[in-house]
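Data first, discussion second: the structure below is written as structure tokens.
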Number of protein chains: 2
Amino acid sequence: MPTYTAPTKDMQFILHDVLKVSEAQIPGYEDLEADFTSAILEEAGKLTQEVVAPLNIVGDKEGCRLENGIVYTPTGFKEAFDQVRAGGWTGLDMPEQYGGQGMPYVMGTAVGEYFSAANQAFTMYQGLTHGAASAILAHGTDAQKDTYLPKMVSCDWTGTMNLTEPHCGTDLGLMRTKAAPQEDGTYKITGQKIFISAGEHNMADNIIHLVLAKIEGGPEGIAGVSLFIVPKFLVNEDGSLGERNGVAVGSIEEKMGIHGNSTCVMNYDEATGYLLGTEHKGMRAMFTMMNEARLGVGMQGLAQADVAYQNAVAYAKDRLQGRAVTGAEAPDKPADPLIVHPDIRRSLMDQKSFAEGARAFILWGATMIDAAHRSEDKDADGLVSLLTPVIKGFLTDVGYDMTIKAQQVYGGHGYIEEWGMSQFSRDARIAMIYEGANGVQALDLVGRKLAADGGKHVVAFFDLVKSFIKDHAGQDEAFDKEFLDPLKAASKDLQQAGMYFMQNGMKNPNHALAGSNDFMHMFGHVCLGLMWARMGWTAKQALDGGASDKEFYESKLATGRYYMARQLPATALHLARIQSGADTVMALTADQF
Amino acid sequence: MPTYTAPTKDMQFILHDVLKVSEAQIPGYEDLEADFTSAILEEAGKLTQEVVAPLNIVGDKEGCRLENGIVYTPTGFKEAFDQVRAGGWTGLDMPEQYGGQGMPYVMGTAVGEYFSAANQAFTMYQGLTHGAASAILAHGTDAQKDTYLPKMVSCDWTGTMNLTEPHCGTDLGLMRTKAAPQEDGTYKITGQKIFISAGEHNMADNIIHLVLAKIEGGPEGIAGVSLFIVPKFLVNEDGSLGERNGVAVGSIEEKMGIHGNSTCVMNYDEATGYLLGTEHKGMRAMFTMMNEARLGVGMQGLAQADVAYQNAVAYAKDRLQGRAVTGAEAPDKPADPLIVHPDIRRSLMDQKSFAEGARAFILWGATMIDAAHRSEDKDADGLVSLLTPVIKGFLTDVGYDMTIKAQQVYGGHGYIEEWGMSQFSRDARIAMIYEGANGVQALDLVGRKLAADGGKHVVAFFDLVKSFIKDHAGQDEAFDKEFLDPLKAASKDLQQAGMYFMQNGMKNPNHALAGSNDFMHMFGHVCLGLMWARMGWTAKQALDGGASDKEFYESKLATGRYYMARQLPATALHLARIQSGADTVMALTADQF
């Protein structure tokens, strides 16, 4: 059975050595001393390792069961959820006013990685609730906040997001769910929603659905979409639960993975709904949470890659097979462990250098979200908006690939479900799809974010890379050569790709969009390159300063060198593809496929 | 539900326009006129589309069931297997002497792709039988051949290959299964084998297990391994079935995919075995079939990619979502079909250019196997041996990626099992693992095949590329630029990588092996590049000659251009990784992971 070990040391390294959070000028960050974050991370580590992770394979095997309108979650989920609630983990970064602990988002993100890695399907119940609560927090009236938030912050009530319908996912303008205004100011919601994660289950007293629907008589298409609060049980004035609302689960989907999460078809039949935010501005309300939600999904890509990596390492050290080509390393044993073989190393180094780079990238992104929310830092907001599709798309694409690499280390055993490696990849697969499929992320990046605010955020990004290189160049020849030169080259490739889009996308936008996926990936590589340069420099300084934990910092430097030498050069390939333009991509008629 | 359409037109194009099989000087090929192969392919197409493919999702859903020692295959499998047997498909390329149809291997390969694409799990029952029969054909005594082959060629009896044990897969020298010599010349086989595909099932009267085991008192390690025939039911002198042998299924594995195939733990308890071939030369006997078996697995990579692609195309034409960025293409509909979007096109072109290139590569490989077997062409044998790990490793790695791309086109529906796209990827995943995990293929390529026979086969490969370029250059400027120049550049990258191995691998073999996976992939790209150059030229000539089916040939040219512009440049990235050497790969101690 697979195991999970929370990477607290690595998390602390990024938070304190690299990002230096407690020195950052962001309200609330002054509390984030190393001892404090360490205590939280240790506790979260214990809970996720001991309680949440062991249920991962149980959830996969049992799945959820629908009987007479009740959805039963897998054995042990309810008890574990109670423990999570009791520990106050569900409200870690929610306002104290509503019962949360008021910590910055970066701490929610760090802890969230542990939960996701330990059990993605389980963690989604609280993740969805967090998202729905954030929407109410941002757009709700005071009365709505008072009614729903205390219960949602504690996860006594969970939440859902209802966007997709059978005939439309990305293109929500095609939506058919209707909202009929009532005289008392409420609406009657009627329609069908699909792919609703945590749509119905037996772990909470109430479920608060956030539902996109069109108010009758409103504008056509996406401009006529509004967002509604539709509780499973109506809530009485005194906060007690009232009558059952007209919403019911139709069926549970049979999915490739995340079996422990109940993905439901939800039927709304004149269900009572309460407008959340402004009429016809439902998409805007959804989008205000998008940066957070998408960063959270990017984190899932990292999380599954990391737990899969951990198990691949354990197997590679344990499994004896063949001999090192340079001579037996365990001559007393019948064979050497897999980890002596260069191609196994290559695979593990791919995984390790990705996971650690991605972790830094996500935490950095989370600090920008905090800066945007807590300091109203518009530049941070702009930059993280630009990077959000990269975090979501790149980290879930590559994170998935890494779970496949980890599975491969197991050979035939990787294909057998009891070893758990198949589940990591099957669970990770969904992250490339939901919260905006990765093709949509690439489109968002190239079609919208690049040019946002006159392109100032992408300029800021390049400035950041440039000044990092300038500030650190010429001090150490090896560091220049191993870290800064590759970063400079990759960043130049990225700039050239942007240039190509500008010069050719105006004439024909297909020239930009045909390269959008490659652009997202090369952008991701440059970001991870920047993270590795920062981490490498930090490690080098620690070593130069005589840090006691030499092994740790040397491993950081070596892993960074690997990323720079073996992964970052991918930018040149992406650039070549982009520069080949749209002609070969668009040449065929539909019939020629 | 997904569907399958056998690509007979494409198969005919490769067989006759590109490879010109009926003109090849290989015994038996003179019969392969276009009308003849077309008739066979049409029939195979009908059977696989109508009978075999509809059972694919059934097999995935139901899986196999073990009850009181009997393994029940999914609903409909037995009846379909009867139809396949009745049609004589199982012995298509087996000798007429044993009831086969005596056709060349290339025809078995072409038809085999249809079967694999339609239903990989189902097709494995006959595929394993084919492999076991080939081993008996190559190494059996006349009596053994007469006893087993007629029944195995017809698949009245099926076959298995028993290599893996719980503690060893790749490193078979660690094997523990024992063979105790008996006075009558037979052996008593005792031990446990795992991952035995089609190990037990209810679709055949007898199952002929080929089992690797160590004869007591023989040499240590791999040099002491012999191969045995161990029938489920002993066969009487008159060919009738005798008593049950001491072999039994222990359990069925729960796997990520190919649920319709029974993957068994097999327990041998003093089972009667008959030596196949020479004592202690079991590995050699297995390896004589390796080229065929590995080419067959490479074909599975293509087959799953192709059927997944077909369904992705259908979905992309059908699903309305969003508008073309260059203006509505279906203004009468609420939205345009997905296929208008450049990023969807990119994905479909990746898939299409891979599938068609891979098909040509495999059929070319199959003609070399025929040349080796039927004409005793040593050069063909050497070249196909060199290319075999590339066919197996590259085509299954990339084939798998393509099933993931196809699944992605479906968005959320791709994650739901009823749409069938998840199954294609889950089934395709095993091909990267079995018949030698792809890391082992890369090792075989770089550590053994490159230098085999003094390196003459890799030289022959480069000569082949060079002379193709020389023979076709300077006749058409566009063709030079679009096809020959990229092929030349990629081939040069590959040569440089080989050079790097020679110069550095001597000092430290890790410098070669750390690049083995990249080398296998760049080799694969050059092969597909060569195939596309050949197909492109053939299409161009057809168009220049006024061929009536312009759409088809133009689509070939356009798809080839795409591969050359967007896929082939990957060789430069692989080269850069290889040239970065082993230092960053091997830097960490095992504890630092």
Tally Lys and Arg at +1 and Asp and Glu at -1 over the other residues with C-beta under 14 Å from the C-beta of B:Thr272: what net charge comes out? -1
Given N residues in region A:310-385, what is its alpha carbon radius of gyration divided by 2.2 N^0.38 Å? 1.83
Check the axis relating chain A to chain B and name the residue of A whose C-beta is nearest, distance in whole Å. A:Leu573, 2
With the contact rule set at Cα under 8 Å and sequence spacing of 6 or more, what percent relative contact order holds for region A:452-587? 35
Peptides B:58-71, B:531-544 ordered by average Cβ neighbours within 10 Å, highest first: B:531-544, B:58-71
Once you place label points 7 Å from the Cα toward the Cβ at B:Glu216 and A:Asn508, how far apart are they in nm? 7.6
Quick one: what does P(r) look like for chain B with 10 Å bins over all Cα pairs, in whole %? 3, 16, 27, 27, 18, 7, 2, 0, 0
Within straight-line cross-link reach of A:Lys507, lysines at Cα separation under 21 Å, skipping those fewer than 8 residues along the same chain: A:Lys449
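If eta is 0.890 mPa s and T is 25 °C, what Stokes-Einstein diffusion coefficient results for region B:289-436, Kirkwood Rh from Cα pairs, in µm²/s?
Approximately 149 µm²/s, per Stokes-Einstein.
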Would you calculate a helix-derived [θ] at 222 nm for the protein assembly as shown, using -39,500 (n - 2.57) for each DSSP H run of n ≥ 4 and dividing by the full residue count, to the nearest 500? -16500 deg cm²/dmol
Charge dipole (region B:361-515, unit charges on Cβ, about Cα centre) - positive-most of B:Pro486, B:Pro389, B:Thr403: B:Pro389
Could you please report the charge total around B:Arg294, scoring K, R as +1 and D, E as -1 over all other residues with beta-carbon less than 13 angstrom from its beta-carbon? -1
So what's the net charge close to B:Ile215: Lys and Arg +1, Asp and Glu -1, counting the other residues with Cβ under 14 Å from its Cβ? +2
Over region B:8-139, what per residue volume does the convex hull of the Cα atoms give, in whole Å³? 117
Taking the Cα centre as origin and putting +1 on Lys and Arg beta-carbons and -1 on Asp and Glu beta-carbons, what dipole magnitude results for region A:157-281, to the nearest 20 debye? 320
Flagged as over-length at 21 Å C-alpha distance, from A:Lys61/B:Lys78; A:Lys188/A:Lys232; B:Lys188/B:Lys214; B:Lys151/B:Lys232; A:Lys9/A:Lys352, the pairs are A:Lys61/B:Lys78
Quick P(r) readout (region B:450-593; Cα-Cα; 10 Å bins; whole %) gives 11, 35, 27, 16, 8, 2, 0
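Across peptide B:186-195, what mean number of C-beta atoms from other chains lies inside 10 Å of a residue's C-beta?
1
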Compute the long axis of helix A:290-318 from its Cα atoms, compare it with the longest principal axis of the Cα atoms of chain A, and write down the angle in degrees, 0 to 90, nearest 10. 50
Give me the percent relative contact order of region B:8-139, please, defined on Cα pairs under 8 angstrom at least 6 residues apart. 21
Among region B:205-249, those whose backbone N falls under 13 Å of a label point 7 Å along Cα→Cβ from B:Thr141 are B:229
Extent of region A:157-281 along each principal axis, from alpha carbon coordinates, in Å, largest to smallest? 39, 39, 21
Assign unit charges at the C-beta atoms only (+1 for Lys and Arg, -1 for Asp and Glu), then state the dipole size of chain A relative to its Cα centre in Debye, rounded to the nearest 20. 1500
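Taking the highest mean first, how do the peptides B:258-268, A:375-385, B:576-586 order by number of other beta carbon atoms within 10 angstrom per residue?
Order by mean packing, descending: B:258-268, B:576-586, A:375-385.
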Return the inverse of the average 1/r over all pairs of distinct C-alpha atoms in the protein assembly as shown, which is the Kirkwood hydrodynamic radius, in Å to one decimal. 31.2
Which one of A:Phe77, A:Phe13, A:Gly102 is farthest out on the positive end of the charge dipole of chain A, using unit charges on Cβ (Lys, Arg +1; Asp, Glu -1) and the Cα centre as origin? A:Phe13
If A:Asp591, A:Asp427 are placed from fewest to most neighbouring beta carbons inside 10 Å, the sequence is A:Asp591, A:Asp427
Whole-number percent relative contact order across chain B, with pairs defined as alpha carbons under 8 Å at least 6 apart: 12
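A short reminder: the numbers here are calculations on the coordinates, not readings from a lab. A quick note: this is a predicted structure, and the numbers were derived from the prediction, not measured. Neighbour counts are summed over all protein chains in view; Cβ atoms, including those assigned to glycine, are modelled from backbone coordinates with ideal geometry.
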